[in-house]
Protein chains: 2
Amino acid sequence: MYRTVTCGELRLADVNKTVTLAGWVQRIRKMGAMTFVDLRDRYGITQLAFQEVAGNEQSKALLEQANKLGREYVLQVTGVVKERYSKNAQLPTGDIEIEVESINVLNPAAVPPFTIEDETDGGDDIRMKYRYLDLRRSCVRKNLELRHKMAFEVRRYLDEQGFLEVETPVLVNSTPEGARDFIVPSRMNPGQFYALPQSPQILKQLLMVSGFDRYFQIVKCFRDEDLRADRQPEFTQIDCEMSFVEQEDILNMFEGMSRHLFKVIKGIDLPKLPRMTWADAMKYYGSDKPDTRFDMRFVELMDVLKGYGFSVFDNAAYIGGICAKGAAHYTRKQIDQLTEFVKRPQVGAKGLVYARVEADGTVKSSVDKFYSPQVLEKLKEAMQAEAGDLILILSGDDANKTRKQLSELRLEMGSQLGLRDKNKYSCLWVVDFPMYEWSDEEQRLMAMHHPFTSPKPEDIPLLDTNPAAVRANAYDMVINGVEVGGGSIRIHDAKLQEKVFEILGFTPEQAQQKFGFLMNAFKYGAPPHGGLAYGLDRFVSLFAGLDSIRDCIAFPKNNQGKDMMLGAPGPVDQIQLDELQIKFVPQKQ
Amino acid sequence: MYRTVTCGELRLADVNKTVTLAGWVQRIRKMGAMTFVDLRDRYGITQLAFQEVAGNEQSKALLEQANKLGREYVLQVTGVVKERYSKNAQLPTGDIEIEVESINVLNPAAVPPFTIEDETDGGDDIRMKYRYLDLRRSCVRKNLELRHKMAFEVRRYLDEQGFLEVETPVLVNSTPEGARDFIVPSRMNPGQFYALPQSPQILKQLLMVSGFDRYFQIVKCFRDEDLRADRQPEFTQIDCEMSFVEQEDILNMFEGMSRHLFKVIKGIDLPKLPRMTWADAMKYYGSDKPDTRFDMRFVELMDVLKGYGFSVFDNAAYIGGICAKGAAHYTRKQIDQLTEFVKRPQVGAKGLVYARVEADGTVKSSVDKFYSPQVLEKLKEAMQAEAGDLILILSGDDANKTRKQLSELRLEMGSQLGLRDKNKYSCLWVVDFPMYEWSDEEQRLMAMHHPFTSPKPEDIPLLDTNPAAVRANAYDMVINGVEVGGGSIRIHDAKLQEKVFEILGFTPEQAQQKFGFLMNAFKYGAPPHGGLAYGLDRFVSLFAGLDSIRDCIAFPKNNQGKDMMLGAPGPVDQIQLDELQIKFVPQKQ
């Protein structure tokens, strides 16, 4: 060992001990005849003190040596722990310093391309290129420490609940439905390809057929999609499946897991999670992942505002409002900015109507010329608005689209009013998702979750009469407006599965061709089963209060799917392509 | 929940309780008016009893229902726990049975293509095709339960020692040296490719540069190699790295990990591991992974047997013998079979000389006409052979090759004499590997471990004078003749690294081109570091007493790299290839 102690552990009780530390030079401060060096390792920072003592040649030599050090030099130092004159209450080691007796420069360091501090001068690109230096910043390293701890605690909880972690293969086959696969040419089987798994969905269902009863895996999954802000081509799931269970059992089991994580990691006692139907989530929040840290529920205003000659509302298929408590002070400029916000193409509303409730309780709106004070009073009542509140109203000819626009506005108002505190957590289950959603593109009903999802038993008769109304035993866990996990009870009854395929528009032959493999396995005795998967990256980001999952991934890729540090992807030797018998044939543009 | 108890937990104390179980029909035995059904789940087997009671219509109906069940049907049954008349001491639940009150057939099952029993009638191919049924066999499932437990305990130990599990990417870049990479075409970067990692070697060294101090990861690695018996294209490593350590620290840390696993999983107190130099391993066992469950060390016999006119020995560069204790009873036929064994192309010896020590202590050999009784007596002494022992001798003109042949013979004799008990474990460290080995093919010295491995400090002067003699700070953990793990201390000194590259025949430009990326990272302050990696598949196989790693992998691939169950690899749609701008161009044969 190059050290007897780490840079994070010395305290007043250690004074006068001789210790050896090793680490990186964080900072050097020269103060006349004294020099202070902050030595950093993963565990903390310890101050090294150098002072020339008259007549002491060694102290002079050491001071000279210290003055020649540079940032990020790797040192091994031996010295005596001393109490500091001026203590630093910000640092756990701030009561002591090391009176250094010897320095061993283990490695010098070139000047890093950006400062290794929490507040760095490095932009995103340079930090990604030198990610190994970026990871020295304690704010970044802490995210990965958190990730380790969360993954470990997930495993501990699931192990205690009798789950087995089973590794499923990374080299699998291309899936019939879903996103685009990454594919891997096989050298031993020329012209054939493996695919990287989008999820171990089929394999975990097979493990249930195998009687594994309780399976989980923290596992890399892959999707070759064009990358949006918070997507990575490879991401990590906490993938779980259970047998002989109903939806209630799964919700309880994984609510327990979340409770364990919140308790152990954040010290928070999670209350029993509320459950919200998908229908209510859409009705009151315009989103299947409502941010319930704040209320500001939608109020439908069709009855209140239709039929008074305001053609925008009179022709609307949906009119809905939110009440921003205490925001009546919003200036004209602020409201104009909100109007701009909802009119952005990403939101897509045509305009914004507002109504302020003045201090005297009267309502002043942007559509006063169409509405009498009596109607505005009814509006105020419907919105349960009080003096000082601001009512914001959107309308449109497509109810679902308008709700989504209103949802964006609601989130924006939540942010503006400081109602989305990252240190506050609001968790819930969204349940009773629809089985199907209509696809304009395909002109057919599509499975909302996946085609093996079970309908709610009480809705099975609707499969024949009104399939679009059938609700599924499917559920999402939502935290602060983020879907951290989701899953479903699977169909284990062959006849029911056939009917579900039929409604999806598959002939028995097509169903056999697309899903025959799993259906054949089911013939040998499938238990009732169900499961869910959490996005580990998202879960960690939430706990860390990050804006992007990228910051909790050690070596992330950018929006072009590139690892700028490794230079991946890159060219390969012709011989590699020849062995695979493939050729790159650039398409004519 | 479909059950109140599992099939593994009921005992006499539960008699008269009403319970609900769910599981698979393992076996049905009809005995006149009674039928017994063994119901199986992951946790065990519980006997269900059906008996027609005169005048009880329900009992008759249940018996009829039971008689219609088939193997592997999935049932939910409710009934009362009863004490058995004839108990089964082999089963933990063998004292009780369930007097069934209702059966719910959750799913019928087609007749499986092989019997779901530990002793099955299914061959390897059919079991791999229906791996989901093979996994129902408790002997297979137990291997995966063991794997889960070992992986979990590895994590628990390393977490307690302050290691952080950091996920490194699966989509990386092609490595300059090493085995053949699997490559993944990038759609977003046409003509460029990711590679799947052969190991996270470079990334874990970068994490040390980042100050992560103690890293581990249980991680999938990939090699596109022609598959030998015990190789898989994807395999799992326990990959570890530490900073500010010397070899001794790493050996102690991971000896501790092995000790933890042996204690927790097998109940074995592992003694302090012996250490054997690579030179001794080669000298005494002809292998860098000696099976030390039995002694039978090589004795070099050049001094004893050369110069007596037996030209085979007189011309040999190496003559070595092993003493098989108590094997003097071997018949002529058995010795002929051993001779055939060493002459197989896989071993490659020219012939085998033997000498028996008779009951009266005299030596009778196959080369008596060349050697006097006095010389044979010297042989006996050199071999420390006693009455009843069999001495087996190989010779050849290449000492290393002959030692390898003798090693094969030693292992074969160990097996024949029952000295390689799978329930006995002999662990050791092999240390002081050579830095370099000569490559006839490349006509240069090659790194035996990898080019970042540190020489032993005391051997550094030899780099200039006799590089082939330089020993590395490299080490393997060997258990029962299997290399379960290995690693090295890495070079952190830029000058030393340059010298090592020079000896490998790289110009500074070539070194920069091949390894510049890591060397550049080192410029910013690399700590002294080192690590190792265990093969999880091998480690589990050893603990499970398996002959092949395949049996501890849920969904393994065959020798053609195929997953016969999934049908991977397989063809992909033309549109997928078009999007990647690649084309399959079969080579002319």
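Listed values, structure above:
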| quantity | calculated |
| --- | --- |
| Centroid-to-centroid separation of the stretch B:341-404 and the stretch A:508-547 [C-alpha atoms, Å] | 63 Å |
| Considering only the stretch A:12-107, percent of DSSP beta bridges that pair antiparallel, nearest 5 | 95 percent |
| Per-residue ³J(HN,Hα) for the stretch B:269-280, Karplus 6.51 cos²θ - 1.76 cosθ + 1.60, θ = phi - 60°, Hz, x for Gly and Pro | 8, 6, x, 3, 6, x, 10, 10, 6, 4, 4, 5 |
| Ascending list, in nanometres, of distances separating the B:Met31 label from those of the other copies (7 Å, Cα toward Cβ) | 8.9 |
| Kirkwood Rh and Cα Rg combined as Rg over Rh, evaluated for the stretch B:100-193 | 1.17 |
| Accessible-area value, B:Asp432, 1.4 Å probe, nucleic acids and ligands omitted, Å² | 30 Å² |
| Gyration tensor verdict on the stretch B:480-575 (Cα atoms; rounded if a/c is under 1.5, prolate if a/b is larger than b/c, oblate otherwise) | oblate |
| Global form of the stretch B:13-120, assessed from the alpha-carbon gyration tensor, a/c cut-off 1.5 | oblate |
| A:Ile250 accessible area, assembled protein chains, probe 1.4 Å, Å² | 0 Å² |
| Sequence of B:Arg155, A:Arg471 from largest to smallest accessible area, 1.4 Å probe | A:Arg471, B:Arg155 |
| Rel. contact order, % - alpha carbon contacts under 8 angstrom, at least six apart, the stretch A:12-107 | 33 percent |
| Accessible area that becomes buried as A packs against B, both chains, 1.4 Å probe, Å², nearest 100 | 11300 Å² |
| For B:Val353, distant residues with modelled amide H under 5 Å away | B:Ile393 |
| ³J(HN,Hα), Karplus 6.51/-1.76/1.60, whole Hz, each residue of the stretch A:531-538, x for Gly, Pro | x, 6, 9, 9, x, 4, 4, 5 |
| Heavy-atom surface of the stretch B:66-106, accessible at 1.4 Å and reported per residue (Å²) | 49 Å² |
| Helix A:373-382 axis, angle to chain A major axis (alpha carbon atoms, nearest 10°) | 70 degrees |
| Whole-percent carbon and sulfur share, accessible surface of the stretch A:277-333, 1.4 Å | 51 percent |
| Share of pairwise Cα separations in the protein assembly as shown, more than 59 Å, in percent | 26 percent |
| The stretch B:92-123 and the stretch B:552-577: distance between their alpha carbon centers, rounded to Å | 31 Å |
| Exercise: per-residue mean of other protein chain Cβ atoms within 10 Å, B:31-42 | 1 |
| Phi to ³J(HN,Hα) by Karplus 6.51 cos²θ - 1.76 cosθ + 1.60 over the stretch A:431-446, Hz, x for Gly, Pro | 10, 6, 4, x, 5, 10, 10, 6, 9, 5, 5, 8, 6, 7, 6, 10 |
| Of all DSSP beta bridges in chain B, antiparallel share, percent nearest 5 | 95 percent |
| Inter-copy separations for B:Asp547, label at 7 Å along Cα-Cβ, nm, ascending | 6.1 |
| Sorted largest first, extent of the stretch B:332-431 alpha carbons per principal axis (Å) | 40, 32, 29 |
| A:Leu419 - accessible surface, heavy atoms, 1.4 Å probe, Å² rounded to 10 | 70 Å² |
| Sequence of B:Met31, B:Met435 from largest to smallest accessible area, 1.4 Å probe | B:Met31, B:Met435 |
| Rounded tilt (10° steps) of B:399-416 against the dominant C-alpha axis of chain B | 30 degrees |
| Contact order normalised by residue count of chain B, Cα under 8 Å, 6+ apart, percent | 13 percent |
| Amide H contacts of B:Ala568 (H built 1.01 Å from N, under 5 Å, at least 5 apart or other chain) | B:Asp563 |
| Average accessible area per residue (Å²) across the stretch B:441-506 - probe 1.4 Å, nucleic acids and ligands excluded | 41 Å² |
| Averaged over B:158-168, number of beta-carbon atoms from partner chains that fall within 10 Å | 5 |
| Label geometry 7 Å along the beta-carbon vector: A:Ser366 inter-copy distances in nm | 10.1 |
| Sorted largest first, extent of the stretch B:150-224 alpha carbons per principal axis (Å) | 45, 28, 25 |
| Value of relative contact order over the stretch A:297-436, rounded to a whole percent, pairs C-alpha under 8 Å and six or more apart | 31 percent |
| Residues whose placed amide H lies under 5 Å from that of A:Ile218, excluding near-sequence neighbours | A:Asp239 |
| A:Asn56-A:Lys68 pseudo-label distance in nm [points 7 Å out on the Cα-to-Cβ vector] | 2.1 nm |
| Segments A:82-89, A:541-548 sorted - mean Cβ within 10 Å per residue, highest first | A:541-548, A:82-89 |
| Sequence of A:Arg344, A:Arg403, B:Arg136 when ordered by accessible area, the most exposed leading, probe 1.4 angstrom | A:Arg344, A:Arg403, B:Arg136 |
| Principal-axis tilt of helix B:247-261 within chain B, Cα atoms, nearest 10 degrees | 20 degrees |
| Beta bridges by DSSP in the protein assembly as shown, antiparallel share as percent, to the nearest 5 | 95 percent |
| Angstrom value of the Kirkwood radius, inverse mean 1/r, which spans all Cα pairs in chain A | 28.7 Å |
| GluC sites (Glu not before Pro) restricted to the stretch B:404-487 and DSSP loop, no more than 13 other C-beta within 10 Å | B:Glu441, B:Glu442 |
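The values are calculated or read from the model by the stated rules, or taken from the named source; none is laboratory data. Source: prediction; values computed, not measured. With ideal geometry, Cβ positions are generated from the backbone for all residues, glycine too; neighbour counts draw on all protein chains shown. We work out accessible area using only protein heavy atoms, side chains counted, and drop any ligands, DNA or RNA first. Shrake-Rupley method; radii C 1.70, N 1.55, O 1.52, S 1.80 Å.
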